[in-house]
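J.: Before I ask anything, here is the structure I am working with.
The values are calculated or read from the model by the stated rules, or taken from the named source; none is laboratory data. Everything numeric here is computed off the predicted structure, so don't read it as measured data. In this analysis, Cβ positions are derived from the backbone assuming ideal geometry, glycine residues included, and neighbour counts consider all displayed protein chains. Note: areas computed on protein heavy atoms with side chains; ligands, DNA, RNA excluded. Shrake-Rupley method; radii C 1.70, N 1.55, O 1.52, S 1.80 Å.
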Amino acid sequence: MFDYNFHWRPVLKTLPDLIQAGLTTLEVASLSMLIGIVLGLCLALMRMNMTGPLKWFAVSWIELARNTPALFQLFFFGFGLGAIGINLTPYTIILTGLSFNCAGYLAENFRGGFQAVPDTQLKAARCLGMNAWQAYTRIVIPQVFRVVYHPITNQMVWAVLMSSLGMLIGFRELSGETQFFASRTFRIFEYFAVTAVLYYIIVKIVLAASRLLAMRLFRY
Amino acid sequence: MQESMSFFTGFGLNDLWFLGEAALKTLWISVLSISIGTLLGTFFGWLLHEGKWVATFTIAPILDVFRSVPLIIQLVLFYNFAPIIGLNFDPFASGVVILTLYTAALVASVARGGIESVPPSMRRASRSLGMSYWQDLFHVVLPIGGRAVFPAWVGVVLGVMKDSALVSVLGYVELLKASQVLITRTQEPLLILAIAGAFYFALSYPISRYAHKFEQRWSK
Amino acid sequence: MIQVRGLHKHFGDLHVLKGIDLDVNKGEVLSVIGSSGSGKSTLLYCLNSLEQIQKGSVHVDGIDVHAKQTDVNKLRQKLGMVFQQWNSFPHLTVLENVALAPRIVSGKSKEEAYAMAEKQLKHVGLGDKLKNYPSSLSGGQQQRLAIARALAMEPEYMLFDEATSALDPEKVGEVLDTMRLLAEEGMTMICVTHEMGFAKEVSDRVAYFHEGIMEEIGPPEQIFQAPQSEHTRKFLANVL
């Protein structure tokens, strides 16, 4: 049945490079999640509390991010912006694209989180003399984060998986690096099999780290 | 002269036709994979619920792999693996196989959640009315659990529809690949991306709105 | 002292308070009774500017509560408030619940704030729960926590909005005892309450609200033994 000869040695020889690329994957995913969390929080607040152009802006962002393919969004930041003379590096394209996407999804998670915190909490905080900023940052948002912690973890996993699109725009994170080696050695199956295992490990590490962090953060 | 100019640079009616055809291909591969994947996934979900520990050690980890490895890696891996075991799958067939399994993996956890959302007391009630196990499953669990997880299932469907863009990596010319081809030829990325984006958006947005309305109606 | 003059409050078409005049002196305990929807809770919300008013005025120690230039955050530190739902902050320990506002609002140092919090928590009998999270406390304990949290801001007035209504019957006593303790220490209190026993024994004056109007106000003996108004008589006949 197998008249195919598996050659694992070239893959193993370049394993350090692949692991290095795996770290790039983690870096891109984490950075775009950080940006996505900040932007997503702003978008959620804009969508809930604003009217007029600002609300319209937030809604458009959120709906575009959620209703078009991530690859389309990357093409937009690549070809699309390129057409009007803004040429981003592959690293910037993937970072902008992923942040745009994560912000849209996270904004909806945050909106659900805000709705889950009773508004009497805000009232109680204001009654103690806290101003709106203090009441939000000290009382409401910490509780929102607890509600959205699990969805944020899921989004982080998605960010890791989505970053593999770097391969299609010439960015050498884990997938791009794999493709580079695979096309040089023609051991496509072997390379991609090892990379699949690496992704699996990265995802498990992310989930385990999230669980550990949750144990430290949420003692109530 | 005029004609050849427009053939090489301008965006013409022919190209719109080309995009339309590609959009149909996107629809076709999505509908096919989602239909089979949903049936398969529901079956897996039932196994996960009923089989308890047997399923936990067999299909659960396999499904987990499909959720923890980027779709694009799965596609390349399978496309290059099939010939090794003597299967000659074209890009379309490979795409359908992987998208189906990917859908099944996502639907399995949704389906399991659906079964577990039906209160045991309700199932005891239907069994005590003399319904058989299968009657209970089809007449009680399916409508009630199905309603509970319908929005989550729609989320999976829209996700797979958007992710089907990745089959382009195997050379299958669906909508996004077609756009890329046209962009290279016509050098009009903004127009073409706008058309492609509008197609995805027009498909995804109304469905997600509907699912959201549905969810609100039933959560009351 | 709190001075309310000609206070009107509307919620859309609903006229909730129809011209309230009321003075509450320092050191006084006033109980506000009446059926639900009579506007008594709304009155409390107007006192610390949680609700805007449409007509009239509220002055606390000479400060116009609803004037634009009034710093409500500063004003609210004078007026401690306890709600029907205790609203403890679930993500903070009991001690942090109480210490947070003194720290970030009054600008106390961490040590000062924690010392103050500990003192107030011991005062309401929660000295052994400092490190617990609110979810592990009973309703009565959480309500006492809410009282300690308000007291830690060293308010000059305490407003109680049906503080015992959401509690299990067997937990009502411990919260009323805490309120009684405060009254004995000379705290100025306005208590919207359904506890007639508390109103009778602890308060200096009792006000009866009916459909947005303060029908009657006077010492408890007058209200409970010789009510002047027909509405008051009917209400008391129903609840006593």
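J.: From the Cα gyration tensor of the stretch C:1-71, with a ≥ b ≥ c the square roots of its eigenvalues, which class applies: rounded if a/c is under 1.5, or else prolate if a/b is larger than b/c, or else oblate?
T.: oblate
J.: Averaging over every viewing direction, what projected area does the convex hull of the Cα atoms of the stretch B:1-135 cover, in nm²?
T.: Numbers: hull surface 52.9 nm².
Hull-based average projected area comes out at 13.2 nm².
J.: Based on the Cβ-Cβ distance of C:Glu201 and C:Ala226, what FRET efficiency does E = 1/(1 + (r/R0)^6) give at R0 = 22 Å, to the nearest 0.05?
T.: That pair, C:Glu201 with C:Ala226, gives E of 0.80.
J.: Okay, moving on. Quote the convex hull volume per residue of chain A, based on C-alpha atoms, as a whole number of Å³. Working shown, then result.
T.: Values: hull volume 35.4 nm³, N = 220.
For chain A, the hull spanned by Cα atoms encloses 161 Å³ per residue.
J.: Here is a further query. Considering only DSSP beta bridges whose two residues both sit in the protein assembly as shown, what percent are antiparallel, to the nearest 5?
T.: 55
J.: Distance from the Cα centre of the stretch A:166-220 to that of the stretch B:150-220, in angstrom?
T.: Centre-to-centre distance over Cα atoms comes out at 25 Å.
J.: Ignoring everything but the protein chains, give the 1.4 Å probe accessible area of B:Trp28 in square angstrom, nearest 10.
T.: Ignoring ligands and nucleic acids, B:Trp28 comes out at about 130 Å².
J.: Just to check, using Stokes-Einstein with a Kirkwood Rh over alpha carbon pairs, what's the diffusion coefficient of the stretch A:89-218 at 37 °C and 0.692 mPa s in µm²/s?
T.: Approximately 189 µm²/s, per Stokes-Einstein.
J.: Let me ask another. Once phi is turned into ³J(HN,Hα) by the Karplus curve 6.51 cos²θ - 1.76 cosθ + 1.60 with θ = phi - 60°, what whole-Hz value does each residue of the stretch C:229-240 show in order, with x for glycine and proline?
T.: Calculated HN-Hα couplings, in order: 9, 4, 4, 4, 4, 4, 4, 5, 4, 6, 8, 8 Hz.
J.: Also: Which whole-Hz couplings ³J(HN,Hα) result when phi for each residue of the stretch A:163-171 is put into the Karplus expression 6.51 cos²θ - 1.76 cosθ + 1.60, θ = phi - 60°, listed in order with x for Gly and Pro?
T.: Each residue's phi maps through the Karplus curve to give 4, 4, 5, x, 3, 8, 10, x, 9 Hz.
J.: Got the relative contact order for the stretch A:57-120 handy, in percent, Cα pairs under 8 Å and 6 or more residues apart?
T.: It comes to 42 percent, rounded to a whole number.
J.: Expressed in whole Å with the largest first, what are the equivalent ellipsoid semi-axes of the protein assembly as shown derived from the C-alpha gyration tensor as the square root of 5 times each eigenvalue?
T.: So the equivalent ellipsoid measures 62, 28, 25 Å along its semi-axes.
J.: Can you list residues whose amide H is under 5 Å from C:Thr188's amide H, if they're 5+ apart or on another chain and H is modeled 1.01 Å from N?
T.: The answer is C:Gly27, C:Met158.
J.: I've got another one for you. Over the whole of C:24-30, what's the average partner chain Cβ count within 10 Å per residue? Rounded to a whole number, please. The partial results should precede the final answer.
T.: On the way: counts 0, 0, 0, 0, 0, 0, 0.
Mean shielding count: 0.
J.: Still on this model: For the ranges B:206-217, A:102-113, what's the packing order if you count other beta-carbon atoms within 10 Å of each residue, average per peptide, and put the highest first?
T.: Going from most to least packed, we get A:102-113, B:206-217.
J.: Quick check on packing: order B:85-98, A:161-174, C:184-197 by the mean number of other C-beta atoms within 10 Å, highest mean leading.
T.: A:161-174, C:184-197, B:85-98
J.: Starting from the Cα of C:Lys18, step 7 Å toward the Cβ, then list every residue of the stretch C:208-228 with an amide N under 12 Å from that point.
T.: Only C:210-215 pass the distance filter.
J.: What is the calculated FRET efficiency for C:Lys122 to A:Lys123, with r their C-beta to C-beta distance and R₀ = 22 Å, to the nearest 0.05?
T.: Numbers: r = 27 Å, r/R0 = 1.22.
E(calc), rounded to 0.05, equals 0.25.
J.: Report, by chain and number, residues whose modeled amide H sits under 5 Å from the one on C:Met81, excluding near sequence neighbours (fewer than 5 apart, same chain).
T.: C:Leu159
J.: Give the relative contact order (percent, whole number) for chain A; include only Cα pairs under 8 Å separated by 6+ residues. Kindly include the intermediate steps, with their values, before the conclusion.
T.: Working: 234 pairs, mean separation 60.8, N = 220.
Here the relative contact order equals 28 percent.
J.: Here is a follow-up. List, by residue number, every residue in the stretch C:88-127 with a reduction of 20 Å² or greater in accessible area between the chain on its own and the complete protein assembly, 1.4 Å probe.
T.: The answer is C:Phe89, C:Pro90, C:His91, C:Leu100, C:Ala101, C:Ile104, C:Val105.
J.: Moving to a separate point now. Could you sort the peptides A:189-197, A:119-127 by per-residue average Cβ neighbour count (10 Å cutoff), highest mean leading? All intermediate terms of the calculation are to be shown ahead of the outcome.
T.: Working: A:189-197: 21.4, A:119-127: 19.2.
Packing order, densest peptide first, comes out as A:189-197, A:119-127.
J.: For the stretch A:1-61, run through the chymotrypsin sites (Phe, Trp or Tyr not before Pro) and keep only the ones in DSSP coil with at most 13 other Cβ atoms within 10 Å of their Cβ.
T.: For chymotrypsin sites (Phe, Trp or Tyr not before Pro) across the stretch A:1-61 that sit outside H, G, I, E and B with at most 13 neighbouring Cβ atoms in 10 Å, the list reads A:Phe2, A:Tyr4, A:Phe6, A:Trp8.
J.: Further, regarding this structure: With 15 Å as the cut-off, how large is the P(r) tail for the stretch A:18-108, expressed as percent of Cα-Cα pairs?
T.: Of all Cα-Cα pairs in the stretch A:18-108, 62 percent lie more than 15 Å apart.
J.: Which of A:Lys55/C:Lys9; A:Lys123/C:Lys55; C:Lys55/C:Lys171 have a Cα-Cα distance over 28 Å?
T.: A:Lys55/C:Lys9; C:Lys55/C:Lys171
J.: Quick one: 3J(HN,Hα) in Hz for the stretch C:172-188, Karplus 6.51/-1.76/1.60 with θ = phi - 60°, rounded, Gly and Pro as x.
T.: Taking θ as phi minus 60°, the curve returns 5, x, 5, 6, 4, 4, 5, 5, 4, 4, 4, 4, 5, 7, x, 5, 7 Hz for the stretch C:172-188.
J.: Please give the average number of partner chain Cβ atoms lying within 10 Å of the Cβ of each residue in A:59-72, rounded to a whole number. Mind dumping the intermediate values first?
T.: Details: counts 0, 0, 0, 0, 5, 4, 0, 8, 13, 13, 14, 4, 10, 11.
Across the residues of A:59-72, the mean count of other-chain Cβ atoms within 10 Å is 6.
J.: Please work out the Kirkwood hydrodynamic radius for the stretch B:14-219, using every pair of different C-alpha atoms, and report it in angstroms with one decimal place.
T.: On the way: mean 1/r = 0.0531 Å⁻¹.
For the stretch B:14-219, the Kirkwood estimate is 18.8 Å.
J.: Within 10 Å of each Cβ in A:189-199, how many Cβ atoms from other chains are there, averaged over the peptide?
T.: Mean partner shielding for this stretch: 5.
J.: Check which residues have an amide H placed less than 5 Å from C:His210's amide H, if you skip close sequence neighbours.
T.: Here C:Glu215 satisfy the definition.
J.: For chain C, what's the relative contact order in percent, using C-alpha pairs closer than 8 Å and at least 6 residues apart?
T.: Relative contact order comes out at 26 percent.
J.: What is the spin-label model distance, in nm, from A:Leu54 to C:Ser136 if the labels are put 7 Å beyond Cα along the C-beta direction?
T.: 4.2
J.: Name the aspartates and glutamates eligible as straight-distance cross-link partners of C:Lys68: C-alpha to C-alpha under 15 Å, and not fewer than 8 places from it in the same chain.
T.: C:Glu51
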